[in-house]
1. Can you tell me which of 340-350, 284-294 comes out highest on packing, and rank the rest after it, using the mean Cβ neighbours within 10 Å?
2. Take the alpha-carbon centre of segment 334-374, take the same for segment 110-149, and report the distance between them in whole Å.
3. Sort 152-159, 269-276, 326-333 for me by packing, meaning the mean count of neighbouring Cβ atoms within 10 Å per residue, highest on top.
4. Considering only Cα-Cα distances, which of the following residue pairs are longer than 31 Å: LYS49/LYS105; LYS41/LYS102; LYS49/LYS74; LYS49/LYS205; LYS131/LYS240; LYS41/LYS155?
5. Considering only DSSP beta bridges whose two residues both sit in the chain, what percent are antiparallel, to the nearest 5?
6. Can you give me the Cα centroid spacing of segment 184-221 and segment 13-41 in angstrom?
7. Let me check the size of segment 4-266 from its C-alpha atoms; what are the radius of gyration and Dmax in Å?
8. Which value, in debye to the nearest 20, describes the size of the charge dipole of the chain about its Cα centre when Lys and Arg Cβ atoms bear +1, Asp and Glu Cβ atoms bear -1, and nothing else is charged?
Amino acid sequence: MTVGYELISKDGAARRGRLTTAHGTIETPAFMPVGTAATVKCMLPDSVKATGAEILLGNTYHLMLRPGAERVEKLGGLHRFMNWSGPILTDSGGFQVMSLSKLRKISEQGVTFQSHVDGKSHELTPESSMKIQHQLDSNITMCFDECTPFPVEKKDAAESMRLSMRWAQRSRDAFVDRDGYGLFGIVQGSVFEDLRHESIEALTKIGFDGYAVGGLAVGEGQEAMFSTLDFTTPSMPEDKPRYLMGVGKPDDLVGAVERGIDMFDCVLPTRCGRTGQAFTRRGTVNIRNARHAEDPRPLDPGCACPCCRDYSRAYLHHLFKTGEVLGLMLLTWHNLAYFQEVMAGLRSAIEGGRLKEHAAAFRTEQALGDIEPL
């Protein structure tokens, strides 16, 4: 495993780093737009790159079903298939399988499940997940794990975590080492401190290129998520990147960076963009609201993205009211650009030793709420 990580500077628990892969470098803290089925919805790859994104996320579960890992491999791998030359991280499929609770069966070997597409039966194991992610040509492969649901009894969380640790060893054994590619382990244990520490110990004994925190953002709430990070990240390896899976809103990102997280992914900026919700410096804006119908001002005056630079709130409101696809595209672009701006601001603040002040200013501006109606 040869993905490189350089820790450049720290400010408290927060870290400024650089991750190097065969397909390019990622400046951290970093946010990864989600391209589940080999596309970031409503965006061209060049548009995604223009927002500042350096790495995308794809998904093993969805891509193994459609179009199939063998086909992607035959067509030159995921980078060529989706026309994205930068790094790609692939989720192992564990989270998606967890969501199929009525359609799957878990055993020591792996998970058998019915496809949500056509009902056919499939099996995912640590070995097959590693093979599929290899066929996709993923730069960062994730271990196959069971994403523990919430709420959960401690006994069940312990059993789930220990199964994931056994699967982590099998994932490592099946992973094919090559230059510029790496494998991340996933820390489980729900909200239980001793289980999280047990998981970290097991994973570091195996040895990975990076370590993710899984099993959060599954309904526990921000307070519980942050308290779990408070006792989890200090025990994670200092010289490896730390990835919080499936998180989150802008204030989640800031709080998690303050607690030592380096990488994030979440569907929120794209999903919300398609439903008319925009993330801005002054909180969220629902562009469908009637107050925007005659507003000539930009969505976010401080944003330089095409949505804010070239179009008014009134026009965006019109696009959503008439069901025009351009509205979805513009708000998705803005949300992704804003998330990248949040990350760039955090990187700069950490480097300058002023993260505390930066985070306080961020929260103050968010609390102001949207600009007053005309």
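1. Values: 340-350: 20.4, 284-294: 16.5.
Most protected by this proxy first, the peptides run 340-350, 284-294.
2. 36
3. On the way: 152-159: 14.6, 269-276: 20.0, 326-333: 23.0.
In descending order of packing, they fall as 326-333, 269-276, 152-159.
4. Details: LYS49/LYS105 39 Å; LYS41/LYS102 27 Å; LYS49/LYS74 25 Å; LYS49/LYS205 37 Å; LYS131/LYS240 24 Å; LYS41/LYS155 39 Å.
Result: LYS49/LYS105; LYS49/LYS205; LYS41/LYS155 exceed 31 Å.
5. Details: 23 of 46 bridges.
Around 50 percent antiparallel, to the nearest 5.
6. 20
7. Looking at segment 4-266, its Cα Rg and Dmax stand at 17.1, 50 Å.
8. Values: 42 positive and 47 negative charges, 155 e Å.
With Lys and Arg at +1 and Asp and Glu at -1, about 740 debye.
Since every read-out is calculated from the coordinates, none of them should be taken as a lab result. Treat the numbers as computed from the prediction; the structure is a model and nothing was measured. We place every Cβ from the backbone using ideal geometry, glycine too, and count neighbours over all the protein chains shown.
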